[in-house]
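The structure appears right after this line, and notes come after that.
The values are calculated or read from the model by the stated rules, or taken from the named source; none is laboratory data. Worth saying up front: this structure is predicted, and the values here are computed from it rather than measured. So basically every Cβ, Gly included, is an ideal-geometry build from the backbone, and we count neighbours across all protein chains shown.
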Amino acid sequence: MTDFRERAAALDAGDPLAPWREQFVLEPDLVAYLDGNSLGRLPLRTRDRLAAFVREEWGGRLIRGWSEGWVDLPTQVGDELGALVGAAPGQVVVGDSTTISIAKALHAAASLRPGRDELVLSSADFPTDRYIAAKVARDRGLTVRHVEPTPDGGLDLEPVLGERTAVVLLSHVDYRTGALLDLPALTSQIHAAGGVVVWDLCHSLGVVPTGLDAADVDLAVGCTYKYLNAGPGAPSFIYAAERHLPGLEQPLPGWWSAADLFAMADEYSAAPDVRRLLSGTPNVAGLLAVREGVAMAAEAGIEAARTKSERLTSFALDVLDEAGLEVLTPRDPARRGSHVTVHVPGARAVTEAMVERGVVPDFREPDLVRLGLAPLTTSFEEARRGLAVLTDVLQE
Ligand SMILES: *Cc1c(COP(=O)(O)O)cnc(C)c1O
């Protein structure tokens, strides 16, 4: 039997990101929080920033706040977030929920390929992605083509790509298995077939480096309340490559995407820049929380976060292997994101028993337990404690 307590201590001692943990609210009642992939922990600085915003800016400035800076937050925070995903300024806005951003990105992508009539996505994709894709396809007269992930977590697009392919929607990291797709290679493959790609970065934003510009990605979206710790319901981002922006269409044009926000013009004319992807008034508190989360991820360094994430998931796999559990997550660290998923019969009851003992994992229907390992907030010792409770519960 490996002494995982000793190994965790050694890994924590050699972890350059270890001090970041103290920058977050650590729940006194929890033994281990392994759900940062669904809702990241609250950063102390975000707690303070939002309190100051409520007191001084909202409370003190009221409507004047818009002209004193709030109005530029969707694009400013967009540029800051863009730097994390390898996007040059002017291509990212932050404002709507992920679900809405997916719908906007899919419509925009489809409008770039008017002569083609197929929308491709993985049958294993997150429900909201599949539901929205189905609706966009119906609205635009497209046919949905599903691809099954391969047993090793990859995606073979070859059989479905062709001259009818308009848009391909792909999740960078599979929300269930944690499998990570090869974003540059798949993007080139889709382009070679003449299609455009929309990448969903929900489970990679903040933990896996993503060179959107370098890979020539067309559009991308992603969620900020997971590894960016921006809080429940914090606004998502939407990226559109600069080459597509002139004339890019989206389905929800509102006053915030108009050329002049305050002109109140009779006729709509879209903003010439990335603001054309906005719709209505964004949530300022949410944007400020995204700004703090992005700043922390940038200060810690996305490469350092990736390195620690690989070590955390490797450590978890070793513990799970020794316990003889069935792991669905790819073995190769280069092919997985930052959570590890085990297949356990009775997963719901197992999750409930873990929560009773102060360990919060993540349950996914029907029989999966996901263990989210957030590089800025999860220590190796915390992961060890949580996994020990999982194996104890399963033994009983
Ligand atoms: C978390 C997540 C979402 C969440 O969408 P919301 O609009 O924020 O509810 C969507 N898609 C994927 C792949 C996710 O992981």
Options Thr210, Thr177, Thr224; residue that is in contact with a Pro (Cβ under 9 Å, 6 or more places away or on another chain) and closer than 24 Å to Leu119 by Cα: Thr177
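Show me the strands (runs of 3 or more DSSP E) found entirely inside the range 98-212 where at least 1 residues are within 18 Å of the chain's Cα centre (by Cα) and touching a residue at least 24 places away in the same chain (Cβ under 8 Å). Steps first, please.
Details: elements: 118-122, 143-147, 165-171, 196-200.
The strands (runs of 3 or more DSSP E) meeting that bar are 118-122, 165-171, 196-200.
Residues being of a type outside the set (Gly, Ala, Ser) and either outside the structural domain of Gly211 (by TED's automatic domain parsing) or without any contact (Cβ under 8 Å) to a residue 12 or more places away in the chain (or both): count how many of those fall in the range 221-255.
Of all residues in the range 221-255, those of a type outside the set (Gly, Ala, Ser) come to 221, 223-229, 232, 235, 237-239, 242-246, 248-253, 255.
Subsequent filtering for residues that are either outside the structural domain of Gly211 (by TED's automatic domain parsing) or without any contact (Cβ under 8 Å) to a residue 12 or more places away in the chain (or both) retains 243.
The qualifying residues number 1.
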Anything in the range 331-354 that is among the aliphatic types (A, V, I, L, M) and loosely packed, with under 15 Cβ neighbours inside 10 Å? List them, or say none. Ala334, Ala349
Residues in the range 1-20 that are surrounded by fewer than 18 Cβ atoms within 10 Å (Cβ to Cβ) and assigned to a helix (DSSP H, G or I): how many? 9
All conditions in (1) of a type in the set (Gly, Ala, Ser); (2) more than 16 Å from the ligand (Cβ to nearest atom); (3) surrounded by fewer than 21 Cβ atoms within 10 Å (Cβ to Cβ) are true of Gly233 except (2)
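When you check Val144 against the structure, is it assigned by TED's automatic domain parsing to the domain that holds Pro235, over 30 Å from Ala297 (Cβ atoms) and away from the ligand (no atom under 16 Å from the Cβ), yes or no?
Values: assigned by TED's automatic domain parsing to the domain that holds Pro235: yes; over 30 Å from Ala297 (Cβ atoms): yes; away from the ligand (no atom under 16 Å from the Cβ): yes.
Answer is yes for this residue.
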When only residues in the range 183-207 that are within 26 Å of Tyr225 (Cβ to Cβ) and touching a Lys or Arg at 6+ places or on another chain (Cβ under 9 Å) count, which is surrounded by the most Cβ atoms within 10 Å (Cβ to Cβ)? Gly206
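Looking only at the range 181-199, which residues are within 13 Å of the ligand (Cβ to nearest atom) and farther than 22 Å from Ile132 by Cα?
Here is the first cut: in the range 181-199, the ones within 13 Å of the ligand (Cβ to nearest atom) are 181, 198-199.
Scanning the range 181-199 gives no hits.
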If Val94 passes every condition in (1) within 16 Å of the ligand (Cβ to nearest atom); (2) surrounded by fewer than 24 Cβ atoms within 10 Å (Cβ to Cβ); (3) not polar (S, T, N, Q) but one, which one does it miss? (2)
All conditions in (1) farther than 27 Å from Gly154 by Cβ; (2) part of a loop (DSSP other than H, G, I, E, B) are true of Glu292 except (2)
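For the structure I just gave you, tell me whether Thr99 is polar (S, T, N, Q), more than 16 Å from the ligand (Cβ to nearest atom) and either in contact with a helix residue (DSSP H, G or I) (Cβ under 8 Å, 6 or more places away or on another chain) or more than 27 Å from Ala374 (Cα to Cα) (or both).
Details: polar (S, T, N, Q): yes; more than 16 Å from the ligand (Cβ to nearest atom): no; either in contact with a helix residue (DSSP H, G or I) (Cβ under 8 Å, 6 or more places away or on another chain) or more than 27 Å from Ala374 (Cα to Cα) (or both): yes.
Here the answer is no, as Thr99 does not meet what is asked.
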In contact with a helix residue (DSSP H, G or I) (Cβ under 6 Å, 6 or more places away or on another chain) and farther than 24 Å from His339 by Cβ: is that true of Val71 in this structure? no
Out of (1) away from the ligand (no atom under 16 Å from the Cβ); (2) buried (at least 17 other Cβ atoms within 10 Å of the Cβ); (3) within 30 Å of Val340 (Cβ to Cβ); (4) hydrophobic (A, V, I, L, M, F, W, C), the odd one out for Leu228 is which? (1)
Residue that is surrounded by 15 or more Cβ atoms within 10 Å (Cβ to Cβ), more than 22 Å from His172 (Cβ to Cβ) and modelled with pLDDT of 95 or more, where the choices are Thr99, Thr75: Thr75
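Tell me the residue from Ala18, Ala51, Ala83 that is more than 16 Å from the ligand (Cβ to nearest atom), at pLDDT 95 or above and assigned by TED's automatic domain parsing to the domain that holds Leu201, please. Before you say what the answer is, go through the steps one by one.
Details: Ala18 fails: assigned by TED's automatic domain parsing to the domain that holds Leu201; Ala51 fails: assigned by TED's automatic domain parsing to the domain that holds Leu201.
Just one listed residue meets the conditions, Ala83.
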